[in-house]
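Sharing a structure here in structure tokens format.
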Amino acid sequence: MKICVYAICKNEEKFVDRWMDSVSEADNIYVLDTGSTDKTVEKLRQRGAIVKKELITPWRFDVARNISLNMVPIDTDICVCLDLDEVIEKGWRRKIEEIWKEGTTRLRYNYNWSFDEYNNPLINFYIEKIHKRNCYKWTHPVHEVLTYLDENEKFITTDEITVNHYPDNTKSRSSYLPLLELSIKEDPNDDRNMHYLGREYMYYGKWNKAIDTLIRHLNMPKATWKDERCASMRFISRCYINLNRYDEAKMWLDKAILEAPYLRDPFVERAILEYRLENYDGVKKYCLEALKLEKNTKTYINEPFSYDHTIYDLLSICYYYDKNYELSIKYIDKALEISPNEERIKENKKIIENIISNNQL
């Protein structure tokens with residue numbers, strides 16, 4: 001098999017060596033540079049990448065990705081699209097060669113989107129950017145997706161290949177909102193980007209606009225994926241919280257729970273809201289319901305707070321207010337098993353241990 005890696009980049013000099021080390025198993029590496037002013041291009045070429053420089057005006061992610069894909073020779077069997085802030089774990093080529101079967105067009109594999117301070121994955125899901133060369137193109141100005149151009153797309157899913165994401169959090173997301181608005185203008189029926197647009201309005205604090213857009217998403221005929229519908233409902237609730245309209249916030253979180261009762265996220269958000277309102281019985285109720293859901297679904301929708309120390313931290317505080325110090329310590333210890341360096345939680349433990357000690361005197 002001829003396997004090539006392709007990417008787009010801009011001012012990612014600090015990632016070049018790490019990235020080139022991870023993709024070194026490829027036959028060739030193709031990168032479109034969209035306007036770097038640092039030494040990204042020079043370093044990539046020194047390491048053996050084939051680099052083309054081109055400014056994309058007006059900027060669109062799909063246009064850039066298609067230009068980078070077109071750099072890959074048509075006799076390539078398999079393409080691996082990997083951004084420079086991503087690292088594909090060693091041995092990936094051999095695994096692709098073992099997994100890829102006749103008729104396969106695309107590979108779905110393990111993706112760690114974010115990590116905690118101990119390098120444990122916080123958000124993990126499947127991603128699908130390993131694909132056959134000649135039957136795909138990228139579409140949408142932002143949150144771009146691979147679109148199949150033929151019939152009978154055939155996926156293979158594996159946990160044997162893992163990509164880790166280490167983003168540059170200093171980079172601006174300022175282009176996302178106008179590009180999402182453009183995307184919806186170009187395709188008003190795209191439910192996925194309608195959801196993303198509503199979420200982006202929420203990020204910008206445009207609460208009413210976010211609510212209207214997310215409700216539009218929920219009313220779209222193609223908006224049937226329950227995980228994403230649940231997320232839209234949770235985001236609507238967050239907007240109402242910021243508008244100090246707590247009854248509506250509760251209502252939307254209750255809808256989110258009914259929509260996807262197999263996800264922890266709406267239960268934990270409901271618990272966090274009850275904590276904000278100082279309803280500690282409510283906090284315990286929703287935290288304990290969340291803990292019944294042990295398996296984390298592998299989608300990008302998952303929230304870090306659903307599987308980090310948050311649930312145990314909230315329970316420890318509630319049992320402290322109940323003066324049930326033994327249970328409070330139990331949950332503090334569970335929180336510290338996950339996040340041993342959380343100073344606030346460690347201080348809480350000292351306070352409760354002192355109370356227990358004094359009560360035993």
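The values are calculated or read from the model by the stated rules, or taken from the named source; none is laboratory data. Just so it is clear, the structure is predicted and the values come from calculations on it, not from any experiment. All Cβ positions, glycine included, derive from the backbone under ideal geometry; neighbour counts span all protein chains shown. We work out accessible area using only protein heavy atoms, side chains counted, and drop any ligands, DNA or RNA first. Shrake-Rupley method; radii C 1.70, N 1.55, O 1.52, S 1.80 Å.
I'd like the residue in region 1-13 that is touching a helix residue (DSSP H, G or I) at 6+ places or on another chain (Cβ under 9 Å) and farther than 19 Å from THR162 by Cβ and, out of all such residues, is surrounded by the most Cβ atoms within 10 Å (Cβ to Cβ).
Among them, the one singled out is TYR6.
Scan THR157, THR213 and give me the residue that is polar (S, T, N, Q) and in contact with a Lys or Arg (Cβ under 6 Å, 6 or more places away or on another chain).
It is THR157.
Report, by residue number, each residue of region 132-142 that is touching a residue at least 60 places away in the same chain (Cβ under 8 Å) and not in a strand (DSSP E or B).
Passing the criteria: ARG133, ASN134, HIS140, PRO141, VAL142.
Just checking, does region 168-181 include any residue being in contact (Cβ under 8 Å) with a residue 60 or more places away in the chain, under 21 Å from GLU86 (Cα atoms) and exposed (fewer than 14 other Cβ atoms within 10 Å of the Cβ)?
yes
Take the conditions charged (D, E, K, R), within 19 Å of the chain's Cα centre (by Cα), open to solvent by less than 20 Å² (accessible area, probe 1.4 Å) and over 18 Å from THR213 (Cβ atoms) and apply them to ASP313. Does it pass?
No, not satisfied.
Among the candidates ASP75, ASP21, which residue alone is more than 30 Å from GLU303 (Cα to Cα), over 23 Å from the mean Cα position of the chain (by Cα) and in a loop (DSSP other than H, G, I, E, B)?
Exactly one residue qualifies, and that residue is ASP75.
In region 83-124, what count of residues is obtained for those that are crowded, with 21+ Cβ neighbours inside 10 Å, under 20 Å from GLU12 (Cβ atoms) and in contact with a Phe, Trp or Tyr (Cβ under 8 Å, 6 or more places away or on another chain)?
Residues in region 83-124 being crowded, with 21+ Cβ neighbours inside 10 Å, under 20 Å from GLU12 (Cβ atoms) and in contact with a Phe, Trp or Tyr (Cβ under 8 Å, 6 or more places away or on another chain): 3 in total.
Can you pull out the helices (runs of 4 or more DSSP H) entirely within region 298-361 that have at least 3 residues that are under 20 Å from TYR286 (Cα atoms), touching a residue at least 40 places away in the same chain (Cβ under 8 Å) and among the small types (Gly, Ala, Ser)?
none
Could you pull out the residue among GLU326, GLU294 that is within 17 Å of LEU122 (Cα to Cα), out of contact with any Leu (no Cβ under 7 Å at 6 or more places or on another chain), open to solvent by 60 Å² or more (accessible area, probe 1.4 Å) and of a type in the set (D, E, K, R)?
Sole residue among the options that is within 17 Å of LEU122 (Cα to Cα), out of contact with any Leu (no Cβ under 7 Å at 6 or more places or on another chain), open to solvent by 60 Å² or more (accessible area, probe 1.4 Å) and of a type in the set (D, E, K, R): GLU294.
Just checking, which of ILE127, ILE156, ILE96, ILE67 is closer than 30 Å to ASN341 by Cβ, among the hydrophobic types (A, V, I, L, M, F, W, C) and not in a loop (DSSP other than H, G, I, E, B)?
That would be ILE127, the only listed residue that is closer than 30 Å to ASN341 by Cβ, among the hydrophobic types (A, V, I, L, M, F, W, C) and not in a loop (DSSP other than H, G, I, E, B).
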